[in-house]
Every structure is written in C-alpha cells, then in structure tokens.
Amino acid sequence: MIGDHTPVTTLGVSDLQRARDFYEGTLGFAPGTEMMDQGITYQSGSGAFFVYTSEFAGTNKATAMMFEVPGDAFDAEIATLRAKGVTFDTFEAEGTEWNDGVASMGEGEAVFRSVWFADPDGNILNLGSGMN
C-alpha cells in the first residue's frame, strides 16, 4: 500500500548549482545521490528531498516543504538561519501573531512557532517548532 512508503519531497529549480550553494552552503545539507547532473538528493532526519532542474521552477506559491524541530531547538535553528542571511516571510493569517518574522499560533501550552523562507527559485520552505 502506498501509505507504507516514505515520501520524498521534490523541489524544482532553474539552476542546480545555485540550488546546491543554497541547500549545502546556506542550509548545511550534505549532498547525497546525484542524478546525471539533473538533480541531487539530500537526507533530512528519517526522510529525504530531491532538488532537480525543471522549467517550472518557482511556480508554486504554497509551502513546498516543512521541517519540524523540537520546540527547545527552534530558537537555535532560527539564529543559525539568520546568521546565514536567510530572511523570513510574513503574511496575513487569522490567529497568528508575528514577532521579528516568527509566527506564533495557539494558546498556553499548545503554542506552535514557525517561519517561512524561500530558496533562490522561490520554493517556500517552512521550519516549525513542536508544541511547547
């Protein structure tokens, strides 16, 4: 059954080297399997994502990939991204409070924090905290 298999997120990019510079240099992923100079796989936690050249790169306007980190590691991850020059996007969303590009949703013990940012082709990536 399809639900028994781990999905692999795929992100279309227009320039594979520029994407590699971002995913490896800025975000710190180690390169994995390369596919005939057309794409590369990166491991992330127990999953993976595939970055490949596509004529449709940057056309998705929704979140393409999310990374969930434990709540106690969230601030350190955000600081690392900022130090690498990553800027966070904000938008209108009911029930969301923004503080310096970081969204907070929920109340009391059930607060979820999150940031959104884009790769060089405009693929929207999200980093979210566990509930804390």
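Descriptive notes on the structure:
- Beta bridges from DSSP with both residues in the chain: antiparallel share about 65 percent, rounded to the nearest 5.
- One quarter of the surface of the convex hull around the alpha-carbon atoms of region 1-103 equals 8.8 nm², the direction-averaged projected area.
- Within region 57-132, GluC sites (Glu not before Pro) in DSSP loop having at most 10 other beta-carbon neighbours inside 10 Å: E92, E94, E109
- Length-normalised contact order of region 1-43 in % [C-alpha pairs under 8 Å, at least 6 apart]: 24
- Structure-based [θ]222 nm, the chain - -39500 (n - 2.57) summed over DSSP H runs of at least 4, per residue, nearest 500: -4000 deg cm²/dmol
- Cα pair distances exceeding 15 angstrom across region 1-54, given as percent: 45
- Using the Cβ of E77 as centre and a radius below 12 Å, the other residues enclosed give a net charge of 0, where K and R count +1 and D and E count -1.
- Remark: C-alpha extents of region 92-132 on the principal axes read 37, 20, 16 Å, sorted largest to smallest.
- Exposure proxy for S129, S114: other Cβ atoms within 10 Å of each Cβ, ordered fewest to most, give S114, S129.
- Net +/- balance of residues flanking Y52 in space, Cβ distance below 14 Å, scoring K and R +1, D and E -1: -4
- Among the trypsin sites (Lys or Arg not before Pro) in region 44-132, those placed in a DSSP loop whose Cβ has at most 13 other Cβ atoms within 10 Å are K61, K84.
- Computed from Cα positions, the angle between helix 71-83 and the longest principal axis of the chain comes to roughly 60 degrees.
- Gained length - S14 relative to D89, 0.36 nm times residue gap less alpha-carbon distance: 24.9 nm
- Look at the alpha carbon pairs under 8 Å that are at least 6 residues apart: their mean separation over the length of the chain gives a relative contact order of 26 percent.
Throughout, read-outs are computed from the coordinates displayed, never taken from laboratory work. These numbers come from a predicted model, not from an experiment. Note: ideal-geometry Cβ built from the backbone for every residue, glycine included; neighbour counts use all protein chains shown.
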